[in-house]
Amino acid sequence: MAAGPSVDSVLQALDALYHQPDADGKHQASLWLTELQSSVCLTLFTGIRRICTVFTIKGAVAQSWRIGGISGYLSVNSPAPD
């Protein structure tokens, strides 16, 4: 997993956005912070999706075993015959 920006970088961008008089600097800081926010959200979404997938698979396997052991699991997860 790649490391994100340092806390100092984020603080500098926030300082530029809220405290610097330069409009171009504010705009650049805003763009950078928006990109950071998007990447953090995407990373969180991807992680949550993976966790949900694992729990869904785990639940399906457990349900299949409760229904009929290995034969129940295989019947639920095998392709239908032609």
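Odds and ends about this structure:
- Test: residue in segment 20-34 that is loosely packed, with under 10 Cβ neighbours inside 10 Å, at pLDDT 75 or above and outside any helix (DSSP H, G or I): yes
- Annotation note: Cβ proximity below 7 Å between a residue of segment 1-20 that is more than 15 Å from residue 35 (Cα to Cα) and a residue that is at pLDDT below 85 and not in a helix (DSSP H, G or I) (sequence gap 6+ or interchain) occurs for no pair.
The values are calculated or read from the model by the stated rules, or taken from the named source; none is laboratory data. From a predicted model like this one, the values you see are computed outputs, not experimental measurements. Positions of Cβ are generated from backbone atoms using ideal geometry, with glycine treated the same way; all protein chains shown enter the neighbour counts.
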